[in-house]
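Peer 1: Quick one: this structure, given as structure tokens, is what I'll be asking you about.
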Amino acid sequence: LNVLFLGDGWTEGLGVADDEIYPEIACRIAGQRLGVDVTNWNLGHRIKGYDYLARMVMSAVPVLKPELVFISLPSPRRREFFGLDGQMVDFGPERLQALEEAPETLSSIEKDLLGHWRVLESDYDDLSWAILNHKLCEEVLDGAGISWVKSKQEFEIIDFLKVIKGGSECILTISSGFKVIQGFNKLIGSEDSINRVLIGNYPY
């Protein structure tokens, strides 16, 4: 079973031991429960956004040929820019912070581009770019007949085994801000009911 995971540092497992990253946990448990070999293609990458997701779907899916794709939706404020020399510059809050706090870590082109981007940034433009790239991912994956799941990072379940087996067991992954809690639980109930409990809108 080929499984592709896409997202930012949360999917990559930034600051988390390799065997505790949620794609690794999900694939390990799925292999044990289903009795099959599961290949974990984790292409999560820190400080990446929606254009990275679309770029990876376009380039990686035809090569890796996944049967399942899990996408953790990143911040819409993150962008990629490719210069004429082929150099890629990441745009986003993290890079702007680096520009302010440690400018010596950035190249001259990064400083110039980030300086202009600060005054050009727009929530509306960020959202429209995110929608465009999300739609591209959707068209490619649906067109290839590949099952896929998307998830926001805050208080949402990654319903891995339910997708594969149609059962009620799932991976439970909770993220609050920069603190990520990952683990496996047996949960009973619909996805909506479980998420209501997690966000405190439903009594235990």
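Peer 1: Could we say that F160 is open to solvent by 50 Å² or more (accessible area, probe 1.4 Å) and either farther than 29 Å from K65 by Cβ or modelled with pLDDT under 50 (or both) here?
Peer 2: It is false that F160 is open to solvent by 50 Å² or more (accessible area, probe 1.4 Å) and either farther than 29 Å from K65 by Cβ or modelled with pLDDT under 50 (or both).
Peer 1: Condition check: within 20 Å of the chain's Cα centre (by Cα) and over 27 Å from I21 (Cα atoms). Does L127 satisfy that?
Peer 2: Spelling it out, L127 is indeed within 20 Å of the chain's Cα centre (by Cα) and over 27 Å from I21 (Cα atoms).
Peer 1: Let me ask you something else. Say we look at the stretch 63-88 and pick out the residues that are open to solvent by 50 Å² or more (accessible area, probe 1.4 Å) and touching a residue at least 24 places away in the same chain (Cβ under 8 Å); which of these is nearest to the chain's Cα centre (by Cα)?
Peer 2: P76
Peer 1: So, one more: Give me a count of the residues in the stretch 129-147 that are out of contact with any Asp or Glu (no Cβ under 8 Å at 6 or more places or on another chain), surrounded by 12 or more Cβ atoms within 10 Å (Cβ to Cβ) and either among the polar types (S, T, N, Q) or not in a helix (DSSP H, G or I) (or both).
Peer 2: Result for the stretch 129-147: 1.
Peer 1: Related question: (1) modelled with pLDDT of 85 or more; (2) surrounded by fewer than 19 Cβ atoms within 10 Å (Cβ to Cβ); (3) farther than 15 Å from L68 by Cα: which one isn't true of D37, the others all being true?
Peer 2: Result: D37 fails condition (3) only.
Peer 1: Kindly state which helices (runs of 4 or more DSSP H) lie completely within the stretch 1-118 and contain at least 1 residues that are aromatic (F, W, Y) and on the phi < 0 side of the Ramachandran plot.
Peer 2: Correct list: 9-12, 22-34, 50-64.
Peer 1: Go through the stretch 106-126 and report how many residues are open to solvent by less than 80 Å² (accessible area, probe 1.4 Å), in contact with a helix residue (DSSP H, G or I) (Cβ under 8 Å, 6 or more places away or on another chain) and farther than 19 Å from S75 by Cβ.
Peer 2: Number satisfying all stated conditions: 2.
Peer 1: Take the conditions open to solvent by less than 50 Å² (accessible area, probe 1.4 Å) and under 14 Å from the mean Cα position of the chain (by Cα) and apply them to G44. Does it pass?
Peer 2: The answer is yes for G44.
The values are calculated or read from the model by the stated rules, or taken from the named source; none is laboratory data. Given the structure is predicted, the values throughout are model-derived calculations rather than measurements. Positions of Cβ are generated from backbone atoms using ideal geometry, with glycine treated the same way; all protein chains shown enter the neighbour counts. Just the protein is used for accessible areas: all its heavy atoms, side chains included, with ligands, DNA and RNA removed. Shrake-Rupley method; radii C 1.70, N 1.55, O 1.52, S 1.80 Å.
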